[in-house]
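The values are calculated or read from the model by the stated rules, or taken from the named source; none is laboratory data. Quick caveat, the model's predicted, so the values are computed rather than measured. Cβ atoms come from the backbone with ideal geometry, glycine included; neighbour counts cover every protein chain shown. Quick note on the areas: whole protein, heavy atoms, side chains included, nothing else; ligands and nucleic acids left out. Shrake-Rupley method; radii C 1.70, N 1.55, O 1.52, S 1.80 Å.
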Amino acid sequence: MRSLKTLLASALLILLTFMAWGQSSDQFAMPGSDPLKSVRVYPNPAVDFISLKFEQPLAKSVTLELHSIIGNSLEVESEVIDDFEVRIRVKDLPSGYYVLDVRMPGASHNAFKFLKR
């Protein structure tokens, strides 16, 4: 009985952790809100590439800044796939957590966290 309670508590903790991670990077916002709030960042965790999917045609107008979890700025290759998608090469980065800052002209920006395996 005790191990069942421990197992359920662990499962709940894992579920809450994944829910907290997904709120900023894996879900679309309501229409009419800040367009950078509706960016989808996937896959998370990433191995070779991370993609940003926009609901509006913003891919050619945004600027991207990648930072390590301790704040160091990193250079990475990015490729505009179409007006709605940008792909960033993370293959050569060491495993760890990163923060991607997406900026739009006019000072709108949003930060997304992801794990590189």
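Tabulated values for the structure
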{"read-out": "Failed item, numbered, when residue 9 is tested on (1) of a type in the set (A, V, I, L, M); (2) modelled with pLDDT of 55 or more; (3) open to solvent by less than 70 Å² (accessible area, probe 1.4 Å)", "value": "(2)"}
{"read-out": "Extreme residue, surrounded by the fewest Cβ atoms within 10 Å (Cβ to Cβ), among residues of region 74-117 that are assigned to a loop (DSSP other than H, G, I, E, B) and in contact with a Pro (Cβ under 7 Å, 6 or more places away or on another chain)", "value": "117"}
{"read-out": "Test: residue 3 is modelled with pLDDT under 95, open to solvent by 70 Å² or more (accessible area, probe 1.4 Å) and out of contact with any His (no Cβ under 8 Å at 6 or more places or on another chain)", "value": "yes"}
{"read-out": "Enumeration of residues in region 56-73 that are surrounded by 15 or more Cβ atoms within 10 Å (Cβ to Cβ) and part of a loop (DSSP other than H, G, I, E, B)", "value": "58, 59, 62"}
{"read-out": "Some residue of region 16-35 being at pLDDT 95 or above, surrounded by 10 or more Cβ atoms within 10 Å (Cβ to Cβ) and assigned to a loop (DSSP other than H, G, I, E, B)", "value": "no"}
{"read-out": "Search result, residues across region 101-117 that are touching an Asp or Glu at 6+ places or on another chain (Cβ under 8 Å), small (Gly, Ala, Ser) and under 12 Å from residue 62 (Cβ atoms)", "value": "108"}
